[in-house]
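The values are calculated or read from the model by the stated rules, or taken from the named source; none is laboratory data. Predicted model only: the values in this text are computed from it and were never measured. When we count neighbours, we look across all protein chains shown, and the Cβ atoms used for this are built from the backbone with ideal geometry, even at glycine. Protein only, heavy atoms only, side chains kept; ligands, DNA and RNA dropped before computing areas. Shrake-Rupley method; radii C 1.70, N 1.55, O 1.52, S 1.80 Å.
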Amino acid sequence: MAYRASAQFYDLFALGKEEELAFYRNLAQEAGSPALELGVGTGTFAFALAEDGITVVGLEQSREMLQEARKKLQKAPPEIARRLLFIAGDMSDFQLDQEFRIVYVPSGSFQCLNTRKHQLGCLRSVKAHLHKEGSFVFDIWVGESDTSGTWRRLETVSLPEGGAVTRSISTRVQESEKLIDTVLRFDVHTEDGRITDTFYDWSQLALLTVEDVKFLLAESLFQVETLYSTFTRKPWTPESDRAIFVAEPI
Ligand SMILES: C[S@@+](CC[C@H](N)C(=O)[O-])C[C@H]1O[C@@H](n2cnc3c(N)ncnc32)[C@H](O)[C@@H]1O
């Protein structure tokens with residue numbers, strides 16, 4: 001995902017993530033500092049962990065997302081801000097001079113890595129930065145995706161400066177390529193519904209199964225410690241739409 005046009009709207013739509021946030025917060029508490037978030041975006045999870053006393057490094061590829069995260073950092077209380085560092089980088093190949101107790105990739109961001117080469121590169125980089133008793137935690141979407149490419153309206157939120165923005169999504173699965181073509185559309189409109197601006201973000205996400213990920217992990221010398229289907233820690237079943245991996249280095 002380019003995450004360029006949508007960076008300015010990202011936090012407006014980051015609602016309803018309480019369970020997900022609690023899940024990653026709890027695991028970070030169990031693992032301890034420091035933590036590394038890959039694809040940190042505007043820092044929603046990183047700020048929450050920092051509030052709990054965890055030191056977090058957030059790696060991010062999109063300049064626009066990083067800018068939003070850094071804007072928030074400037075406004076954060078000093079005791080929180082000093083625990084956070086947002087850096088530019090590619091999660092499929094990074095080198096930081098630090099070891100982490102937990103590396104985590106929330107919000108399905110691992111699927112932004114849409115080739116096997118990039119997925120394995122990410123796992124290799126994670127392995128190189130993870131404490132030998134550390135945890136690598138991430139979630140992926142394994143449910144049905146719309147194959148038709150038709151637009152689906154997701155939600156409308158009010159803008160602080162007046163008016164509102166509506167987010168819509170179109171997905172088209174390329175089964176043979178194991179890709180999900182995804183376009184997010186943001187229509188900015190006045191209170192009476194007149195559209196004044198439209199922004200698009202396009203991406204090709206990896207279509208992954210639990211077996212694909214288990215294979216990638218094994219190949220990268222990780223073992224799955226636990227596999228959940230929900231952020232409330234229900235065990236994974238083949239009917240689940242989501243798979244949440246807690247892996248550890250072998
Ligand atoms: C779904 S957003 C999640 C943002 C944040 N982690 C959250 O949960 O709110 C995915 C993020 O991953 C970033 N991203 C995608 N591919 C990346 C890569 N190869 N390296 C670093 N960041 C990447 C995107 O720019 C975007 O900010």
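With an 8 Å Cα cut-off and a minimum separation of 6 or more residues, compute the relative contact order for the chain in percent.
Once divided by the residue count of the chain, the mean separation gives 18 percent.
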- Value at 222 nm in deg cm²/dmol, rounded to 500, when DSSP H runs of n ≥ 4 in the chain each add -39,500 (n - 2.57): -7500 deg cm²/dmol
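Apply the a/c threshold of 1.5 to the C-alpha gyration tensor of the stretch 1-140 and tell me whether it is rounded, prolate or oblate. Write out the running numbers ahead of the final one.
Working: a/c = 1.42, a/b = 1.08, b/c = 1.32.
In terms of gyration-tensor shape, rounded.
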- Cα gyration tensor shape for the chain, rounded if a/c is under 1.5, else prolate or oblate: oblate
- Can you give the extra length, in nm with one decimal, that the chain gains between T156 and D90 once fully stretched, where that is 0.36 nm per residue apart less the Cα-Cα distance? 20.6 nm
- Query: Ordered by packing density, taken as the mean number of other Cβ atoms within 10 Å over each peptide's residues, highest first, how do 156-164, 235-243 rank?
  - Reply: 235-243, 156-164
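Express the relative contact order of the stretch 94-157 as a whole percentage, based on alpha carbon pairs under 8 Å and six or more residues apart in sequence. Kindly include the intermediate steps, with their values, before the conclusion.
Values: 54 pairs, mean separation 29.5, N = 64.
Relative contact order, the stretch 94-157: 46 percent.
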- Would you tell me the accessible area of T115, worked out with a 1.4 angstrom probe on the heavy atoms of the protein chains, in Å² to the nearest 10? 50
- Task: Could you do me a favour and compute the accessible area per residue for the chain, 1.4 Å probe, result in Å²?
- Result: 50
- Please build a GNM for the chain, connecting alpha carbons under 10 Å apart, and tell me which residue among L21, L154, L184 fluctuates the most. L154
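Whenever you get a sec, compute what percent of the accessible area on the chain sits on carbon and sulfur atoms (1.4 Å probe). Numbers along the way, then the final one.
Working: 6140 of 12530 Å².
Percent of accessible area from carbon and sulfur atoms in the chain: 49.
Ordered by packing density, taken as the mean number of other Cβ atoms within 10 Å over each peptide's residues, highest first, how do 167-178, 31-42 rank? Please report the intermediate quantities before stating the final value.
On the way: 167-178: 14.8, 31-42: 24.4.
Put in order of decreasing packing, that is 31-42, 167-178.
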- Task: Would you mind calculating the relative contact order of the stretch 152-204 from Cα pairs under 8 angstrom and at least 6 residues apart, reporting the percent as a whole number?
- Result: 29
